[in-house]
Amino acid sequence: MAAAKLETNGNDAIIDETSSDSSAGDDAVGTPLASREGSDMDLTGLLNGDDDNQQPKRKSLKDRAKIPLTFYVVLANVAALQYTAGIWRLESLNDWTNSMITAGYSARDALVYLRDMMEAVYRGKVDDWKEVGFVSVVTFMIACTLYVLIVAPFRAGFWTGPRTSKHKIHRYMGMAYLIQYFAAWIEFYRYSNNYDVKDSVLPHFIAINGLIQGWSAFFSFKVLPDLDDPGYYSDQAVASRTFVHENIFFTLLATWGSVYYNETWRDNIQSTVFGQIMEAVWVFFPYVLVRPFFPTTSFSSAGSGRRSRSERNETFYRYGTLAVKFFYLWAKYFLGFMVNSLWLLKAATPEQSKFLKGMFLLNLGTVSIAIFLHTLRFKKVLPAKLTFSIYLLQIYATFSAIPLAFDLFASHKAMCGMQLLGILANMTRKRWVHAAWCCLMLYLVKFRQDLEW
């Protein structure tokens, strides 16, 4: 149902079917029933001859409970990817366990170091005040992050209290996601000077956790409205079910990256014909062959629903949506097509590879944490503008690394030029133009490896 046609949003798109849904209690989304009051829109529709029979039908909760084709698409791709990469081994679980234990010890050591530094400051026995200043800033940033993602939700009863009897998988897998994500950053920082971090398994487990989160949200919160308006880029509407469903594709894309960024798994993929076919699909044609299976929301429809945005925040969210759209183009081509092509060509140096893995870890969290931030806003745990601002800071943190990536871009000018051409193709809004660009990338990168990128 197009938002432009229904002129509605997440706050008035739910009909009284909600009473029959056992999973749609106050803990799901808390969306009120649709308003029964008349409106100018209804009168206009009647004057134009648009009666109820001509309106698009809302899906019943029974229809919403059906398993979509995309579920099997995700399942088949993940199973094939893990099998081809050689992930189905006991070693993978052992590596995950060791990474989590090591991250725990590293966190403990960091707290001991911080305690000793504070004692030195208190006693006036500091040798390097610059180090104290740097550590203080980093500690403050980490503390703020922990408060937003862990402390505030915990105080609001996300994982404790009477409401935790509902949607247990979604709740506690969300906690597991956050714990693993923090552990991955600890591991990355600990081994930042050791290239062996390239074979960390944590990003893949985080991505799989994200897929579980996406599907549990899709099946648990069936009362969410099916609208073209994402509902995310506003301060009053709830995220649409279409947006939640669409987001699963980007989590699947991150799952591919979590495997392809691992050198051992990438070599396994490239060692078989089937693996090379999967590589071609996910490096060059994910938006041509996989994306069409998933629904699509529109940036242009963002905030189009009635009472979707408050008047005082309309400008903030309008420009914020433009910022997200710009980031999407940057990430799609430069962090997606370009980086995957460099991995395929084995063109990145060890230092560049370490940098790229840090950027991937940052982007990996934006997919699922974005939805979590929306939940914090909707549940009124944190203010709307704050949660959306945090999301913008998170995605634009990749731009802060551009000076560090100058060597990467400067050494691959031709590849950068191809990505700019891809952005132009994307702006035509014609799928065949984008598909033609993907075919050109496949030919030049895969079959013309004599070219210097």
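With each pseudo-label sitting 7 Å past Cα toward Cβ, what's the residue 296-residue 189 distance in nm, one decimal?
Simple spin-label model gives 4.1 nm for this pair.
Please work out how much length the chain gains when fully extended from residue 135 to residue 421, using 0.36 nm per residue of separation minus the C-alpha to C-alpha distance, in nm with one decimal. Before the final figure, lay out the partial values.
Details: separation 286, 0.36 × 286 = 102.96 nm, distance 4.24 nm.
The residue 135-residue 421 span can extend by a further 98.7 nm.
Among 130, 59, 346, 354, what is the fewest-to-most ranking by other Cβ atoms within 10 Å?
130, 346, 59, 354
Could you sort 72-82, 212-222 so that the peptide with the highest average Cβ count within 10 Å comes first and the rest follow in order? Don't skip to the answer; put the middle values down first.
Values: 72-82: 15.5, 212-222: 20.7.
Those peptides, ordered most packed to least, come out 212-222, 72-82.
Mind listing the Cα extents of the stretch 133-189 along all three principal axes, in Å, largest one first?
44, 22, 9
Could you order the peptides 433-439, 243-249 from most to least packed, using the average number of other C-beta atoms within 10 Å per residue?
Averaged packing, sorted descending, gives the order 243-249, 433-439.
Mind giving me the FRET efficiency for residue 328 and residue 430? R0 is 22 Å, r the Cβ-Cβ distance, nearest 0.05 is fine. Let's see the in-between values first.
Numbers: r = 18 Å, r/R0 = 0.80.
According to the calculation, E is roughly 0.80.
If each residue's Cβ is checked for other Cβ atoms within 10 Å, how do 451, 444, 364 rank with the fewest at the top?
On the way: 451 11, 444 16, 364 24.
Ascending number of Cβ neighbours within 10 Å: 451, 444, 364.
Sketch the reach of a paramagnetic label on residue 307 as a point 7 Å from Cα along Cα-to-Cβ, and name the residues of the stretch 375-407 whose backbone nitrogen lies under 18 Å away.
Residues 378-380, 384 qualify, since their backbone N sits under 18 Å from the label point.
Given labels modelled 7 Å from the Cα in the Cβ direction, how far is it in nm from residue 146 to residue 115?
For residue 146 paired with residue 115, the spin-label model returns 1.3 nm.
Please report the relative contact order for the stretch 69-447, taking Cα pairs under 8 Å with a sequence separation of at least 6, and give it as a percent rounded to a whole number.
Values: 331 pairs, mean separation 69.8, N = 379.
Averaging sequence separation for qualifying contacts and normalising by length gives 18 percent for the stretch 69-447.
May I ask you to evaluate 6.51 cos²θ - 1.76 cosθ + 1.60, the Karplus curve with θ = phi - 60°, for each residue of the stretch 435-449 and list the ³J(HN,Hα) values in order in whole Hz, giving x for glycine and proline?
Working through the residues one at a time gives 4, 5, 5, 4, 5, 5, 4, 4, 5, 6, 7, 7, 10, 10, 6 Hz.
Alpha carbon centre of the stretch 68-84 versus the stretch 282-360: separation in Å?
Cα centroid of the stretch 68-84 versus Cα centroid of the stretch 282-360: 22 Å apart.
Each residue of the stretch 175-190 in turn: what ³J(HN,Hα) in whole Hz from Karplus with 6.51, -1.76, 1.60 and θ = phi - 60°, glycine and Pro shown as x?
Along the stretch 175-190, the couplings run 5, 4, 4, 5, 4, 5, 5, 5, 5, 5, 5, 4, 5, 4, 5, 4 Hz.
Considering only C-alpha atoms, what is the centroid distance from the stretch 366-427 to the stretch 126-172, in Å?
22
Given the pairs 222/430; 168/222; 354/446; 59/168, which span a C-alpha to C-alpha distance of over 21 angstrom in this model? Don't skip to the answer; put the middle values down first.
Details: 222/430 33 Å; 168/222 16 Å; 354/446 24 Å; 59/168 26 Å.
Where the Cα-Cα span goes over 21 Å, the pairs concerned are 222/430; 354/446; 59/168.
So what's the stretch 69-447 giving for Cα Rg divided by 2.2 N^0.38 Å, two decimals?
1.02
Determine, for each peptide in 367-373, 266-272, 252-258, the mean count of other beta carbons within 10 angstrom over its residues, then list the peptides with the highest first.
Those peptides, ordered most packed to least, come out 252-258, 367-373, 266-272.
Suppose R0 equals 25 Å. What FRET efficiency, 1/(1 + (r/R0)^6) with r the Cβ-Cβ distance, do residue 276 and residue 402 give to the nearest 0.05?
Values: r = 32 Å, r/R0 = 1.28.
Working from the Cβ atoms, E equals 0.20.
Any read-out appearing in this document is the output of simple, stated calculations on the displayed coordinates, not a laboratory observation. All values reported here derive from a predicted model rather than from experimental measurement. So basically every Cβ, Gly included, is an ideal-geometry build from the backbone, and we count neighbours across all protein chains shown.
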